[in-house]
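Trainee: Below you'll find the structure I mean.
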Amino acid sequence: MFLNQFLLFAAVLFCIGVYGVLTRKNGVLVLMSIELILNAVNINLVAFGAFNGTVNGQVFALFVIAVAAAEVGVGLAIVLLIYRNRRSIDVSEANLLQG
Amino acid sequence: MHLLAAAAAPTFEVSHWTFDWVGLIPAIMAASFLITLFFGKRMGKHVHVVGVAAVSASFVLALITAGAWINATNSHEEDHSDDAAAITEFAGGETIDGVDEIAFVEAGEEGKEVEARPQAVVNSWCWFDSSDAPNSEVDCSDRAAEKPISIGTLVDGQSVLLLVVVTFISLLVHVFSTDYVGGDRRYTHYFAFLSLFTSSMLFFVLSASTLQMLVGWELVGVCSFALIGHWWEDKPNSDAALKAFLTNRVGDVGLLIGVTVLFFAAGNSFDIRTINHAAVVGDIGSGTLTVAALCLMAAVMSKSGQFVLHTWLPDAMAGPTPVSALIHAATMVVAGVYMIGRLYPVFWEGLAIPGSSINAMALVGGITVVGGGLLAFVQDDIKKVLAYSTVSQLGYMVLALGVGAWTAGMFHLFTHAIFKACLFLGAGALSHACHHSFDMKKEMGGLRKLMPKTFATFMVATGALIGIFPLAGFWSKDEILVGTSGNGDYKIPLAMALIGAALTAAYMTRVIMLTFFGEYRGHDTPHDPGPRMMIPLQILAVLAIVVGFLNIPKSFPVIGESIGLTLEHWIEPGGGDVFPVIDHGKASFAMAIIATLIGAFAIFLTYSYYAKLFAKNPRATEVTGGLRDNNKFARGFHTLLVEKYYLDHFYQGVIADGTKGWLARGTYWVNQNIIDNVINYAGKGAVVSGGFIYRFIDQGAIDGTVNGAGQTALGSGSVLRRIQSGRIRQYATLMFGAATVLAAVFIVAV
Amino acid sequence: MISAFASVGLFAQAMTETEEWVANGVFYVIAAVAIISALRMVSTSNVVHSALYLLVVLVSVAATYIVLGAEFAAATQLLVYVGAIMVLLLFGVMLTRAQIGHEDDLDHDQKWIGGLVSVVLLAVMTYAVTDQWGTQKLPSDRMPQNTQQVADSIFSTYIVPFEAISLLLLAALIGAIVVARRD
């Protein structure tokens, strides 16, 4: 098994996730794309852990999963709040911070 | 037998306490001037006491000095017999005939007796010493060979003569003035200036250096100015004073140049004897001498009233009559003649007097004689007639000096002083009696019966002036006529002198006829003046009779041998050292008779003219319907004379007005157009440059920089603001894009 | 492009190695499924479909963990991600009234910017990966790491991060409640 397989696989998933973040208008879909990015990173971590023969990769990946869960929770709460205030979760309409 | 073979006449030294203390004489008069000036007001009417006392003392001293000089000159002949014996011993004991004459034989001139001459006594003190300054040549210390700028006295026959003349005439004028200007508004000033004038003239006469002569010359000019303008409240008087001074100034330029040229030519010396010696022995080139002589002639022309620059003298009659007598007849105007006599070697060599038939000096003198004489005919003012007569007689003196008759010129100066002073004072007496006017035609006439004593003195003086035998003028004028043949072939000056004699006789006869004959035309009651005015007149008249005998020619019968040429013996310096060797003309009866006949003829013509006039109409003064009215040429000539040859018009209108006209206009143009324009353009330039600096530098550059900084900030801000759009997608894009780029940089490059 | 070729090359190479051809083949299947699902996820116009495609991707990732021998990570992945996070996301979709069925404008107009960025990023990462770990293999004698090893590591070496994670989860819990509270 080549290491590169996993790394490339993770890279592709990562880039698809980036594409999704930059393209999708719905806030929830943006959050989903972010989950995709995080999973790609996890694959990377675990692959390196297996490559080095240590358990650190897994542990790090576990932490990332925990953080991702927290982040999704808070993010969805914000999206719900935006929806409640504006009746829309179109991210391109949230431009009140315009300078 | 030329044991004392020298081209020069031998000289001997004389000494007397007066010769060393002769500087006292001008000093006394100067002291009198100061006292009169400072204390005069307190003395009031008696201020003349100071002046008269001082001038009397000066006169006495002058007489003593003259006596000492004469004594010294005469006494030498007795001593000289010892020298003759010594010479014969030297010659080895040979007895030679005429042993007394050996010592007196002049080389190259056999049979001519040359007397030994006394040396002039010179005392000098250092006046200005700049020997401390580097490269200075003015050194008065003892180690200096000469003292270039020194003040001192020179006593010889010529200066002694003038001493006596000046002090004597001044004394008589002082006495005369106490009556004439008594009660005048500026009595004190008058006597102060009389003293100052006498002092200056004496200072001039006694000067030992040309620098001193210059000072004296200018001083007498100043006094003349002050005295002519004595009544300056009337504009014609102050105008006349200015004219006198300025005309003299024109000639003084010549004096200054001449003195400077002689200073350098004689080896940096102002000393008169040094200059004369250098001129005589030929140390100075003849070209330089000619230049100097001509420059000095210019000065003489102005001061001594020679033709062209004489115009001031008649106008100077605006001053008080005693002043005219003293200054413009006897003393100041002869300063020029005296100067020629003093520096005679310069003129002798410079104008080539020996051996010529005409030279500049003789020519000027001759023209003056004739020109002045002609002008005297058309004057109504008696003083003006006498003034032109003075001009004419001064021409005689200059003519005499110009033909080489040195003693004749000095002698004529002497006699002229006496009889001209007498004439002027007489005119003063006449005006005093005739309503203070000098107009012969309006105020005088037939006065010989009303003022007999004045008439007598006036007649005597007139006779002396005309040259009637045996009065003074006859001898002096004749000597001049004779002198024209002495050193050259001066025929033209002789002719001019003879014509002048005729003119003199004619116009003086006219004066006599208009004044003393005919009927009295005035409005006053004329009478003889008081003793203070009369006695000086009488003294002068007596002198006019006798003084001529001082210099009668030796060939005159009976008395000629014993008293002949006495004055010449006393005053003429010996030739060769500081005086050129001059020849004297041979006295001739023929000349005397010719001159007398000419004079008598002129008198006769004039007398008969006026006698006929008075016979027709005793009160008439002019012939009506006569030559002047009928003949255009005569009328034109008369107008020419009345207008004084248009000289005044020329000086005033052409030279003075012309110069000040275009000069003033030109200067004004330069001022307005050039000078003002320079300033205006400077101002405009400053304004323009100021505006330029304001617009381009201050407003443009500096403010532009400051404003530009602000604009840059605004512009860049408005550009950079677009990043802050508030759009999340844009932020995310930028973030990811930047991260990508960074990653690429790190991965690829690092 | 390059990664496609690289992976094809690797696939070819891997298939010729007989020792782990099973694992490789399984991995490639899983990878294909995951990538296709991810691509469908970001391109579909149905929100719920997108969520379901994400679910497939998450399960594929868990399978990848098992291939790599990380049992605990796979289990945790399924429990947390699939069990909780997906549910949460679906709840979010529901609560924000996402349209059921086809929805028209789910994407921005300028999709090319995102495409560009992601492609460039992929190129950079591919280059980095192939440059650094070109042909390195996983150790052939590796063993799956069991739960015991993971637990030991967490509670000894990484105890502090573990506690920090706990706090983080607590904060996130409170924060979510506070933010989304209806008042």
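Trainee: Roughly how big is chain B's charge dipole about its Cα centre, with Cβ charges of +1 (Lys, Arg) and -1 (Asp, Glu), in debye to the nearest 20?
Mentor: 5320
Trainee: Take the alpha carbon gyration tensor of the protein assembly as shown, find the square roots of its eigenvalues, order them as a ≥ b ≥ c, and report rounded if a/c is under 1.5; if not, report prolate when a/b exceeds b/c, else oblate.
Mentor: prolate
Trainee: Give me the angle, in degrees from 0 to 90, between the Cα long axis of helix B:632-642 and the longest principal axis of the Cα atoms of chain B, rounded to the nearest 10.
Mentor: Orientation of helix B:632-642: about 70 degrees from the principal axis.
Trainee: Next question. What is the fewest-to-most order of B:Glu643, C:Glu103 by other Cβ atoms lying within 10 Å of their Cβ?
Mentor: So the residues, fewest neighbours to most, are B:Glu643, C:Glu103.
Trainee: At q = 0.08, 0.12, 0.14, 0.19 Å⁻¹, work out log10 I(q)/I(0) for chain C with the Debye formula, treating every Cα as an identical point scatterer and leaving solvent out; two decimals please.
Mentor: The Debye formula, applied to the Cα set alone, gives -0.39, -0.89, -1.15, -1.39.
Trainee: Calculated from DSSP H runs of 4 or more alone, at -39500 (n - 2.57) each and per residue, what is the 222 nm mean residue ellipticity of chain C, nearest 500?
Mentor: Result for chain C: -23000 deg cm²/dmol, rounded to the nearest 500.
Trainee: Also, I was wondering about something else. Within a 10 angstrom radius of the beta carbon, how do B:Val253, B:Val547 rank from fewest other beta carbons to most?
Mentor: Fewest-to-most ranking of B:Val253, B:Val547: B:Val253, B:Val547.
Trainee: Further question on the same structure: I'd like the orientation of helix B:589-616 relative to chain B: the angle between its Cα long axis and the longest Cα principal axis, in ° from 0 to 90, rounded to 10.
Mentor: 80
Trainee: Counting only helical runs of four or more DSSP H residues, what would the 222 nm mean residue ellipticity of chain B come to if each run contributes -39,500 (n - 2.57) and the total is spread over all its residues?
Mentor: -20500 deg cm²/dmol
Trainee: Using only Cα atoms, find the angle between the long axis of helix B:187-205 and the longest principal axis of chain B, and express it within 0 to 90 degrees, rounded to the nearest 10.
Mentor: Tilt of helix B:187-205: around 80 degrees.
Trainee: Would you mind working out the magnitude of the charge dipole of the protein assembly as shown relative to its Cα centre, with +1 at each Lys and Arg C-beta and -1 at each Asp and Glu C-beta, to the nearest 20 Debye?
Mentor: Result for the protein assembly as shown is approximately 5520 debye, rounded to the nearest 20.
Trainee: Where in chain C are the DSSP H helices whose alpha-carbon span along the long axis reaches 15 Å or more and whose Kyte-Doolittle mean is at least 1.0?
Mentor: Length and hydropathy pass: C:2-16, C:21-43, C:47-68, C:111-132, C:159-180.
Trainee: Could you tell me how far the Cα centroid of region C:35-103 sits from the Cα centroid of region B:685-744, in Å?
Mentor: If you average the Cα positions of each part, the centres end up 50 Å apart.
Trainee: Counting other C-beta atoms within 10 Å, which of B:Lys554, B:Lys303 has the fewest, and how do the rest follow?
Mentor: The order, fewest Cβ neighbours first, is B:Lys554, B:Lys303.
Trainee: Further, regarding this structure: Taking N as the number of residues in region B:665-749, what value does Rg over Cα atoms divided by 2.2 N^0.38 Å take?
Mentor: Ratio of Rg to 2.2 N^0.38 Å for region B:665-749: 2.66.
Trainee: A further question follows. Quick check: Cα centre of region B:460-484 to Cα centre of region A:75-89, how many Å?
Mentor: 156
Trainee: May I ask you to work out the translational diffusion coefficient for chain B at 25 °C, viscosity 0.890 mPa s, via Stokes-Einstein with Rh from the Kirkwood sum over Cα pairs, reported in whole µm²/s?
Mentor: The estimated diffusion coefficient comes to 82 µm²/s.
Trainee: May I ask which of B:Lys477/B:Lys554; B:Lys235/B:Lys383; B:Lys442/B:Lys616; B:Lys384/B:Lys442; B:Lys420/B:Lys491 have a Cα-Cα span longer than 24 Å here?
Mentor: B:Lys420/B:Lys491
Trainee: Put +1 on the Cβ of each Lys and Arg and -1 on the Cβ of each Asp and Glu in the protein assembly as shown; which of B:Phe579, B:Val155, B:Ala744 then has its Cα farthest toward the positive end of the dipole?
Mentor: B:Ala744
Trainee: Take the alpha-carbon positions of region A:11-90, form their convex hull, and give its projected area averaged over all directions (one quarter of the hull surface) in nm².
Mentor: 5.1
Trainee: OK, next. Tell me which of B:Gly251, B:Trp232, B:Phe264 sits at the most positive position along the dipole axis of region B:215-266, charges placed on C-beta atoms (Lys, Arg +1; Asp, Glu -1).
Mentor: B:Phe264
Here, each number is a calculation from the coordinates, and none is a lab measurement. All of these numbers come straight from a predicted model, not from anything done at the bench. With ideal geometry, Cβ positions are generated from the backbone for all residues, glycine too; neighbour counts draw on all protein chains shown.
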